[in-house]
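Colleague: One structure, as structure tokens, below. Some questions next.
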Amino acid sequence: MLPRTMSRWSPETRERARRILARYPEKRSAVMPLLYLAAAEDGHLTPEGMEEVARWVGLTPAQVQSVASFYTMYKRERTGRYLVSCCTSISCMLLGADEVLAAVEDEAGVPAGETDDEGVITVEHVECIGACGGAPALQVNYELVEGVTPDTARELIRWLRSASPEAVHTDEMQELFGTRRSFDWAVPERVGAVGPFPAFEPYGTTDGNP
Amino acid sequence: MTDQLRVITRRMVEHPADSHTLARYEATGGYRQARRALDMGRDELVELVKESGLLGRGGAAFPAGLKWSFLAPARPAYLVVNADESEPGTFKDRQLLERDPHQLVEGMIIAAVANEVHHAFVYVRGEYPKPARRLQRAVDEAYTAGYLGEGIFGSDYDLEVTVHLGAGAYICGEETALINSLEGRRGEPRLKPPYFPAAKGLYMMPTIVNNVETVSNLPHILEMGPEAYKALGHEADTGSFLFSVSGHVNRPGNYELPHGLTWRELIYDVAGGIRDGNELKTWIPGGASAPWFVPSDHLDLPITKDATAKAGSMLGSGAVVVMDDTTCVVRAAERIVRFFAHESCGQCTPCREGTTWLEMILRRIESGAGREVDVDLLLEVGGNISVGLAWPPRMTTICPLGPSAVSPIISITKYFKDEVLAHIHGNGCPLRGAQR
Amino acid sequence: MSDHVTVTIDGRKLEVPAGELLIEAAQEHGTYIPRFCWHPRMKPVGMCRMCLVELETPRGPAIVTACTTPVSDGMVVHTRNETVQRMQEGVLEFLLINHPLDCPVCDRGGECPLQDHVMAYGPGESRFVEEKRHFEKPIPISELVLLDRERCILCARCTRFSEEISGDPLIEFTDRGNGVHIATFPDLPFSSYFSGNTVQICPVGALTATAYRFRARPWDLEAVESTCMHCTAGDRINLQASHNEVVRILGVDVEPTNQGWLSDRCRFGFQYVGSPDRLTVPLIRDAEQGHTEVTWSEALDLAATRIGEVLAGSGGQSVAVLGGARLTNEDAYALSKFARVVLGTNHVDAQMDDGLDPQFLAATVDRALISDLDSAKAILVWGPDLKEEHPTLYLRVRRAAQELGAALVVVHPRRTGLDDRATHKLTYRPGEGADLLTELVAGSGRASQARQALAEGPVVGLVGRTGYGEDPRLAEAVAAFVRTLPDARILPLARRANIYGALDMGLAPTLLPGRVSVGGEGARSIAEAWGGLAEHPGLDTRGILEAAAAGDIEVLFLVGADPLRDVPDGALARRALERVPFVVAIDQFLTDSSRLADVVFCADGFAEKEGTVTNLEGRVQKVNRIVPGPGQTRPDWSILDDLARRLGVELGFGSAEAISKEIADVAPAYRGVTWDRLDWEERDGIVVPDGGEAPLRFVPADTPGTRAGGDLVLHLARVMYDDGVTVRHSPSLAGLAPGAAVHLHPDDAARLGLASAETARVVTEQGEATLPIRLDDTLHRGVVYVPFNQPGMPPLGPGPAVTVTPA
């Protein structure tokens, strides 16, 4: 391990970490946001990333791993550039989510839980993502697409491979591959996700559009 | 067709293009109530919310004013808004966050002032980055306008707001698990007693945890006064209520309604009836944790907290999941039990071991490998999580997650035992082929 | 009885203390409520759900966990009704569905709480027909502990111990739900000094110790209660043997000392007892052939002859005795009497130049009890790193600061194990302690906040030497300061096995048995009882070694002493031993020092003899025998008795117990301390009172320390695992020594041109060594830290002046 005063993060990430720490009365609270920074820095959550977080908040790496492993969104194995998360919980299942998942697995060429050989697509099935009114739904890098069908889901995978977008945007994908939504949304969201992490400005995980 | 109410959804319906902006929010009367709250102070605000009869919208329907009144005197106190909406069938908070985040921010200011809080948090589930972004932008706008930060609205009251993202764990919707998570720990529920948040919450200090919808109601309660607010609702269920309707209905969506209409009205009038002209088979009246209802017994029951409880279920967070006659109930139950098994935190034995065991048995029955004894086994394993299979559950667990997995077991064995047995005798689903 | 409430448990009305947990209250009245996760020394978590009971409430029956529910007045509890029995069966069935049921090959089998609970409360059979959860098994999580995750029932005792009690959370719950398991971080083992406790408290066989794994079945074990002799806390242990071999040590939960916990050094350090390297026959050294095995008579005759010649010639002044701290009080008394009466010398020292005044250690006024820490409002630790040298005391202080709200001030030249719980931590350069103490006394400078933290009593001061670079008189000055604090008590800290017992038995140049000072008022009655005493002033270890090196010592006794490795100035020790014409060693091993002895007597050791020991509070406890010594070993007292007889003196020692009676007669402080009492009604020990009629009362003096010269100061200090005899000959521990190294602050390293160097040349007045460099930013600037007596390290000497240059 590095001495506790040293960091392997970029100056920009370190500055984000400092700002995040300033948002909490106790530094341990910053563990979860810092884990996102660590994942974004290395592409997924690595042991080195967890050690770094441990140094920032004064925990042991084992404690950080304990926290990280509790939550499903800290991927401790390398994921593809696009993480495709298909909801198969009750409301989506009732409207054909299992068929959507099967189509995604088939088109991506990997079963849920795995990443294609090119490192482009990771498929997973997830529990409810709060899109029950627009079921069945999926997320690409946690950006939502509602009302997908097996066919549009296949198109989406093909599009991710061919267009290879720098960032994915929920409303753009919804326009292209979605149908019914849980509720109307009039103004397109311009900010999107640049990697398999939730796109949130303070974590530096967005494409930075206003 | 039953008319919807327009209280917390008014702005987003009337101004779809920009209901999320500060400009539109203020142009439609926003932040006046937060200013008023600063002049009122704790006692008056707590009393007002008590008078309004506002019930928590997160699922437990606990009186919000009473919860506030329990806040222990130690300071600092904290406010945490629970935006970890994750119960299958529920998607109302997402709409409130995306479409009217300032309404929530104003509600938070009111709740903060009422509870002498100077640092409030919003815990948004990790799978909601877009709602989190909208909220963060609203918070940023409010800081810039001087509505958050030091000396809000020119007063000497300071209020910091931190938006915190979860990372994929339904259990963090349980308030003590949420607090653990916000402290940078595993989202394992704490023991109650002694860790009642109002006494020993975030950082072991007095803490109020309120749901997004609950807090979004606060500006309206101040604006219209407790009496008018009460009058919106139905008897003990005051104000409006957001129902998230999903499944086999023609018009799924969030509906702002008063309580008191019947399930028939909600499913057939509001949500447009069953798709493809199919028959209604069963529905979940209040989220995946709730025991199911069936048309023969429950269609004309009024939708109220008490009537639903009397019939052995709950309204919970308002998620209504409708299933038509093509639905395999074993599969539906398996999907719900799988959810709770996946989301079990794993700290207490009956939930960790029992939910997965139930899932395994259901999957076996669904796949055609069920045994006659499995029906009783399901009930007995369920009974070791939820003693006597009573409602409300008598839990052997730390929190209600484990017993939630027992609800579908009770429902399918009570109403659809023949269908379950048909799986066992026929080596698989009798409806196979009938489904889409 | 306002502090008591009435509860009804299974129909019995009971008066129990208010606020007590139901699980404890029931047990005290004979109702055992089954449990796995609950442990009386840790906070309840209510996780395993084994202790579910039913309460009658106005709103109907309620299900609660007995481990998290405090009793309240009028509470009506059912612990065995039908509902409860069903829940118990349910929980056990759940726990077993994923349990491998490999009891026949499990170390825990036969003493397993899970087995026992299934027998008593479980369902007859399992209805689980699915595939069990699988994990690779077992996996080593440290050099000492293995983890079998399939057996684990996830009670979190081990994880809570490491977080709550020992403060090194290196094992944690990982993953979620049905996949939860215990894990360490990759490449970061559970290298805690206290890891063995988790094996002991594991309610199943999930955690096993390499030292015990597959060694014995519980029903084959013999067991006896005893006292640990590794550190000076007097930890209570259960000593277990199978087929005349010690195989396991468990902690015994007693309130005054260790509360059930042990350090790994104590728990696994028994292995040296059964080492094949033990001495089993007496040896004499021959100029050509080295040591050869001889009979006891030959060895004793040779020793008696040579000693007799010296005594007849130069007298007792040229005879000296080093060591004795590893002896029982009875053996130490025998040695003390032998030295004074037979050898006629006061050159006796059990402290191997550790530096503290023996009178301060043995008889400081206002001496604290360990349990005083529990009620302390403030604690000052100015002495060794407790985690390294007084591990269970470290746990007690940690608890006081973390759970009981005591303010904790730690003063040390570098990071210590307690720093994360310290309210205030002050670092300084050895030699500048007097300046820092002046600030602390005045409440000025950087010590002002620390001084305030010590303003409210009761205060306990744990005072000792931080390392060999520190002026030994500083500890006394610190103790004198502590005495000025409100309601203050002092624990003087020394680390050497039964050193307090040895000092109490007079194994110091200035002390006689019973804390009587040489030449003092009480000495007369001892002289009468013994029929004489040595008259000349005695030398301490350093004095003895210097005299020996100068040729003034003609016979040197080494009693369990290895000065070549164990005194800070190893080079002086070598000069001394090489110069002394006749060296007699009584030992369990051939050490670097006893290799130079002319006669080596093999002695019984720990676990092989009965006796008493005295801990740092002055608490006398029994040690007991569980195995015979190997080969021809004998108890020390009997060797000395024989030797005395050959020198014409009848010491009159018939047995260790007879000696204990003589101690009680002769040593005033030990009056009334009998084996009978210690074996029965006073198992937790008898604290020998400070003060009384004849014994001295040592008042620490406000002596200023000296200032070290030079720019760098050596901080030579002990760590838990070193190259000492007990660690080296315990295979489980031998590999754990951190190794020789010089620790530098990064700024100092840069200044010395060593920023990127691998090794450095370290030179003191007494020695030099080339050592690997470790950068440590917790060091006070200018402090050069070297852990003492690491394998392969040449004697460096105590400094304090030191130079560090590129190698």
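Colleague: If you check C:LEU239 against the conditions, is it of a type in the set (A, V, I, L, M, F, W, C), surrounded by 17 or more Cβ atoms within 10 Å (Cβ to Cβ) and under 29 Å from C:TRP38 (Cβ atoms)? Please lay out each step first, then the result.
Modeller: Values: of a type in the set (A, V, I, L, M, F, W, C): yes; surrounded by 17 or more Cβ atoms within 10 Å (Cβ to Cβ): yes; under 29 Å from C:TRP38 (Cβ atoms): yes.
Here the answer is yes, as C:LEU239 does meet what is asked.
Colleague: Here's another thing I want to ask about it. Please enumerate the residues belonging to the stretch C:167-209 that are over 11 Å from C:ARG108 (Cα atoms), in contact with a Pro (Cβ under 8 Å, 6 or more places away or on another chain) and away from chain A (no Cβ under 14 Å).
Modeller: Selection gives C:TYR193, C:PHE194.
Colleague: Taking C:LEU454 and the conditions (1) buried (at least 24 other Cβ atoms within 10 Å of the Cβ); (2) closer than 30 Å to C:CYS228 by Cβ; (3) touching a Pro at 6+ places or on another chain (Cβ under 9 Å); (4) modelled with pLDDT of 95 or more, which numbered condition does it fall short on, given that it satisfies the others?
Modeller: Unmet for C:LEU454, out of (1) buried (at least 24 other Cβ atoms within 10 Å of the Cβ); (2) closer than 30 Å to C:CYS228 by Cβ; (3) touching a Pro at 6+ places or on another chain (Cβ under 9 Å); (4) modelled with pLDDT of 95 or more: (2).
Colleague: Among the residues of the stretch B:162-186, write down those that are touching an Asp or Glu at 6+ places or on another chain (Cβ under 8 Å), touching a residue at least 24 places away in the same chain (Cβ under 8 Å) and part of a loop (DSSP other than H, G, I, E, B).
Modeller: Selection gives B:GLY166, B:GLY168, B:ALA169.
Colleague: Checking C:MET87 against (1) free of Cβ contacts under 8 Å to residues at least 60 places away in the same chain; (2) within 30 Å of C:THR6 (Cβ to Cβ); (3) surrounded by 16 or more Cβ atoms within 10 Å (Cβ to Cβ); (4) more than 11 Å from every other protein chain (Cβ to nearest Cβ), only one condition comes out false. Which one?
Modeller: (4)
Colleague: For the list (1) buried (at least 23 other Cβ atoms within 10 Å of the Cβ); (2) not in a loop (DSSP other than H, G, I, E, B), I need the number of the one condition that C:TRP219 fails.
Modeller: Exception for C:TRP219: condition (1).
Colleague: Examine the stretch C:447-455 for a residue that is under 13 Å from C:LEU380 (Cβ atoms) and part of a loop (DSSP other than H, G, I, E, B), and state whether such a residue exists.
Modeller: Yes: the stretch C:447-455 contains one or more residues that are under 13 Å from C:LEU380 (Cβ atoms) and part of a loop (DSSP other than H, G, I, E, B).
Colleague: For the subset of the stretch A:57-72 comprising residues that are facing chain B (nearest Cβ under 9 Å) and not in a helix (DSSP H, G or I), which member is surrounded by the most Cβ atoms within 10 Å (Cβ to Cβ)?
Modeller: Once the filter is applied, the top-ranked residue is A:PHE70.
Colleague: Within the stretch A:3-20, track down each residue that is away from every other protein chain (no Cβ under 11 Å) and among the aliphatic types (A, V, I, L, M).
Modeller: Selection gives A:ALA17 alone.
Colleague: Here's another thing I want to ask about it. If C:THR159 meets every condition in (1) within 22 Å of C:ILE237 (Cα to Cα); (2) assigned to a helix (DSSP H, G or I) apart from one, which number is that one?
Modeller: (1)
Colleague: Further, regarding this structure: For the structure I just gave you, tell me whether B:VAL321 is crowded, with 24+ Cβ neighbours inside 10 Å and either within 8 Å of another protein chain (Cβ to nearest Cβ) or modelled with pLDDT of 95 or more (or both). Let's see the steps before the verdict.
Modeller: Details: crowded, with 24+ Cβ neighbours inside 10 Å: yes; either within 8 Å of another protein chain (Cβ to nearest Cβ) or modelled with pLDDT of 95 or more (or both): yes.
Spelling it out, B:VAL321 is indeed crowded, with 24+ Cβ neighbours inside 10 Å and either within 8 Å of another protein chain (Cβ to nearest Cβ) or modelled with pLDDT of 95 or more (or both).
Colleague: For A:ALA38, work out the one condition from (1) under 19 Å from the mean Cα position of the chain (by Cα); (2) buried (at least 19 other Cβ atoms within 10 Å of the Cβ); (3) more than 13 Å from chain B (Cβ to nearest Cβ) it doesn't fulfil.
Modeller: (3)
Colleague: I'd like to check which helices (runs of 4 or more DSSP H) are fully inside the stretch C:348-403 and have at least 2 residues that are closer than 25 Å to C:ARG236 by Cβ and among the charged types (D, E, K, R). Spell out how you get there, then give the answer.
Modeller: On the way: elements: C:358-363, C:372-375, C:386-389, C:391-402.
Once the helices (runs of 4 or more DSSP H) in the stretch C:348-403 are filtered for at least 2 residues that are closer than 25 Å to C:ARG236 by Cβ and among the charged types (D, E, K, R), what remains is C:372-375, C:386-389, C:391-402.
Colleague: If you scan the stretch B:342-360, which residues turn out to be within 7 Å of chain C (Cβ to nearest Cβ), closer than 26 Å to A:ALA68 by Cβ and surrounded by fewer than 24 Cβ atoms within 10 Å (Cβ to Cβ)?
Modeller: B:HIS342
Colleague: Ok, one more. Tally the residues that are among the aliphatic types (A, V, I, L, M), under 19 Å from C:THR633 (Cα atoms) and assigned to a loop (DSSP other than H, G, I, E, B), restricting the search to the stretch C:279-331.
Modeller: Summing the residues that are among the aliphatic types (A, V, I, L, M), under 19 Å from C:THR633 (Cα atoms) and assigned to a loop (DSSP other than H, G, I, E, B) in the stretch C:279-331 gives 5.
Colleague: Now for a different question. Please verify whether the stretch A:80-93 includes one or more residues that are at pLDDT 95 or above, assigned to a helix (DSSP H, G or I) and within 17 Å of the chain's Cα centre (by Cα).
Modeller: no
Colleague: A follow-up question, please. So C:PHE36 fits all but one of (1) within 10 Å of chain B (Cβ to nearest Cβ); (2) without any contact (Cβ under 8 Å) to a residue 60 or more places away in the chain; what number is the exception?
Modeller: Going through the list (1) within 10 Å of chain B (Cβ to nearest Cβ); (2) without any contact (Cβ under 8 Å) to a residue 60 or more places away in the chain, C:PHE36 breaks only (2).
Colleague: Can you find, within the stretch B:225-247, the residue that is nearest to the other protein chains (Cβ to nearest Cβ) among those that are touching a Gly at 6+ places or on another chain (Cβ under 7 Å) and closer than 25 Å to B:ASP324 by Cβ?
Modeller: Of everything passing the filter in the stretch B:225-247, B:SER246 is nearest to the other protein chains (Cβ to nearest Cβ).
Colleague: In addition: Do you know which of the residues in the stretch B:248-259 that are touching a residue at least 24 places away in the same chain (Cβ under 8 Å) and not in a strand (DSSP E or B) is nearest to the other protein chains (Cβ to nearest Cβ)? Before you say what the answer is, go through the steps one by one.
Modeller: So the first thing to find is which residues in the stretch B:248-259 are touching a residue at least 24 places away in the same chain (Cβ under 8 Å), and the list is B:248-250, B:254-259.
Narrowing further to those that are not in a strand (DSSP E or B): B:248, B:250, B:258-259.
On the way: B:HIS248: 6, B:ASN250: 11, B:PRO258: 20, B:HIS259: 20 Å.
The selected residue is B:HIS248.
Colleague: Here's something else I'd like to know. So for the stretch B:100-113 (the condition being within 14 Å of chain A (Cβ to nearest Cβ), free of Cβ contacts under 8 Å to residues at least 60 places away in the same chain and under 20 Å from the mean Cα position of the chain (by Cα)), does at least one residue qualify?
Modeller: No, every residue in the stretch B:100-113 fails to be within 14 Å of chain A (Cβ to nearest Cβ), free of Cβ contacts under 8 Å to residues at least 60 places away in the same chain and under 20 Å from the mean Cα position of the chain (by Cα).
Colleague: Provide a single number: the residues in the stretch B:191-206 that are surrounded by 24 or more Cβ atoms within 10 Å (Cβ to Cβ) and within 12 Å of another protein chain (Cβ to nearest Cβ).
Modeller: Qualifying residue count, the stretch B:191-206: 1.
Colleague: Could I ask something else about it? Name the residues in the stretch C:364-385 that are among the hydroxyl-bearing types (Ser, Thr, Tyr) and in contact with an Asp or Glu (Cβ under 9 Å, 6 or more places away or on another chain), would you? It would help to see each step written out before you state the result.
Modeller: Within the stretch C:364-385, the subset among the hydroxyl-bearing types (Ser, Thr, Tyr) is C:364, C:371, C:375.
The answer is C:THR364, C:SER371.
Colleague: Another question about this same structure. Condition first: farther than 25 Å from B:THR28 by Cα and either touching a Cys at 6+ places or on another chain (Cβ under 6 Å) or more than 14 Å from chain A (Cβ to nearest Cβ) (or both). Can you find one or more residues in the stretch B:124-140 that meet it? Can you show your working first?
Modeller: Initial filter on the stretch B:124-140 (farther than 25 Å from B:THR28 by Cα): B:124-129.
Applying the additional criterion that residues be either touching a Cys at 6+ places or on another chain (Cβ under 6 Å) or more than 14 Å from chain A (Cβ to nearest Cβ) (or both) yields none.
No, there is no match, as no residue in the stretch B:124-140 is farther than 25 Å from B:THR28 by Cα and either touching a Cys at 6+ places or on another chain (Cβ under 6 Å) or more than 14 Å from chain A (Cβ to nearest Cβ) (or both).
Colleague: Would you please name the residue that is farthest from C:GLU130 (Cα to Cα), looking only at residues in the stretch B:361-386 that are among the aliphatic types (A, V, I, L, M) and crowded, with 23+ Cβ neighbours inside 10 Å? It would help to see each step written out before you state the result.
Modeller: Of the residues in the stretch B:361-386, the ones among the aliphatic types (A, V, I, L, M) are B:361-362, B:365, B:369, B:373, B:375, B:377-379, B:381, B:385.
With the extra rule that they be crowded, with 23+ Cβ neighbours inside 10 Å, the set shrinks to B:361-362, B:365, B:378, B:381, B:385.
Details: B:ILE361: 8, B:LEU362: 12, B:ILE365: 12, B:LEU378: 13, B:VAL381: 14, B:ILE385: 19 Å.
Result: B:ILE385.
The values are calculated or read from the model by the stated rules, or taken from the named source; none is laboratory data. Since the model is a prediction, treat every value here as computed from it, not as a measurement. Cβ coordinates were reconstructed from backbone atoms using ideal geometry, including for glycine residues, and neighbour counts include every protein chain displayed.
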